[in-house]
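The values are calculated or read from the model by the stated rules, or taken from the named source; none is laboratory data. Note that the structure is a prediction, hence the values are computed from the model and not measured. Quick reminder, even Gly has a Cβ in these numbers, built from the backbone with ideal geometry, and neighbours come from all protein chains shown. Keep in mind that these areas ignore ligands, DNA and RNA; they rest on the heavy atoms of the full protein, side chains included. Shrake-Rupley method; radii C 1.70, N 1.55, O 1.52, S 1.80 Å.
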Amino acid sequence: EAGVVQSPRYKIIEKKQPVAFWCNPISGHNTLYWYLQNLGQGPELLIRYENEEAVDDSQLPKDRFSAERLKGVDSTLKIQPAELGDSAVYLCASSPGGSGGETQYFGPGTRLLVL
Amino acid sequence: GEDVEQSLFLSVREGDSSVINCTYTDSSSTYLYWYKQEPGAGLQLLTYIFSNMDMKQDQRLTVLLNKKDKHLSLRIADTQTGDSAIYFCAENRIMDTGRRALTFGSGTRLQVQP
């Protein structure tokens, strides 16, 4: 069974440019998460979807970050415009349901470098 | 404190046991997890323990949970060079939104010397 798929794996952009990340969760997983991982830190939750509904986006900087999961499967995370401090790894994870206590499975991440 | 805390670094010799410690924050967390991250990769779930347990063993891995002290540990028996990675502890804490979310420590880098 395929795991969580993310693309691109690496992205280098100049500041003020837009960037988008894509995630395909494990088949059948209703809950999808986007995390930000800074160097030397653990992941921090940005947004969580249950099917197509964003149920927790309290940590998402809404002035420049947006996310969507239109059909309740794939998701995109966008930054516009990117800032130097956005350089990090963006991880996507999925889990079977929405209880919050279920095991999450992570993708390989997209490593973003903003110059 | 507010953070899940882990020591930054652990070095062991191949064949020895490794013990990675973690202090979590929310006594109502129902699950506690250990994830492994190798360079350039995402997080791989190693094991987890339900909060009503005090020990879980899975092959070379042993998880100990002390709820009174909010202390979690991961013991890796017969540590191999392939175990070299960063290990993250996580709890499913209740957030300000009223929903549970995984909160991670900063990770412990395990270095296994041949």
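Structural remarks
- Residue match in the stretch A:104-115 (condition: more than 10 Å from chain B (Cβ to nearest Cβ), touching an Asp or Glu at 6+ places or on another chain (Cβ under 6 Å) and modelled with pLDDT of 90 or more): yes
- Leading residue by the ranking (surrounded by the fewest Cβ atoms within 10 Å (Cβ to Cβ)) among those in the stretch B:56-75 that are touching a Leu at 6+ places or on another chain (Cβ under 6 Å) and touching a residue at least 40 places away in the same chain (Cβ under 8 Å): B:Ser73
- Residues in the stretch A:1-18 that are modelled with pLDDT of 90 or more, part of a loop (DSSP other than H, G, I, E, B) and either in contact with a helix residue (DSSP H, G or I) (Cβ under 6 Å, 6 or more places away or on another chain) or surrounded by fewer than 17 Cβ atoms within 10 Å (Cβ to Cβ) (or both): A:Gly3, A:Pro8, A:Arg9, A:Glu14, A:Lys15, A:Lys16, A:Gln17, A:Pro18.
- For B:Val12, the conditions (1) assigned to a loop (DSSP other than H, G, I, E, B); (2) over 26 Å from A:Pro108 (Cα atoms) are fulfilled apart from (1).
- Taking the criterion of being within 30 Å of A:Arg48 (Cβ to Cβ), among the charged types (D, E, K, R) and touching a residue at least 24 places away in the same chain (Cβ under 8 Å), the residues of the stretch B:76-98 that qualify are B:Glu91, B:Arg93.
For (1) farther than 23 Å from B:Leu45 by Cα; (2) assigned to a loop (DSSP other than H, G, I, E, B); (3) touching a Lys or Arg at 6+ places or on another chain (Cβ under 7 Å), each residue gets a yes or a no:
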{"site": "A:Ala20", "(1), (2), (3)": "yes, no, yes"}
{"site": "A:Tyr33", "(1), (2), (3)": "no, no, yes"}
{"site": "A:Gln41", "(1), (2), (3)": "no, yes, no"}
{"site": "A:Ser58", "(1), (2), (3)": "yes, yes, no"}
{"site": "A:Lys62", "(1), (2), (3)": "yes, yes, no"}
{"site": "A:Gly72", "(1), (2), (3)": "yes, yes, no"}
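- Candidate set from the stretch B:33-55 (those that are open to solvent by less than 30 Å² (accessible area, probe 1.4 Å) and under 13 Å from the mean Cα position of the chain (by Cα)); member that is nearest to the other protein chains (Cβ to nearest Cβ): B:Leu43
- Complete set of residues in the stretch A:57-103 that are under 13 Å from the mean Cα position of the chain (by Cα), open to solvent by less than 60 Å² (accessible area, probe 1.4 Å) and within 14 Å of chain B (Cβ to nearest Cβ): A:Asp57, A:Leu60, A:Ala88, A:Val89, A:Tyr90, A:Leu91, A:Cys92, A:Ala93, A:Ser94
- Cβ pairs under 6 Å, 6+ apart, first in the stretch A:1-18 and over 19 Å from A:Thr31 (Cα atoms), second exposed (fewer than 12 other Cβ atoms within 10 Å of the Cβ): A:Glu14/A:Leu115; A:Lys15/A:Leu84
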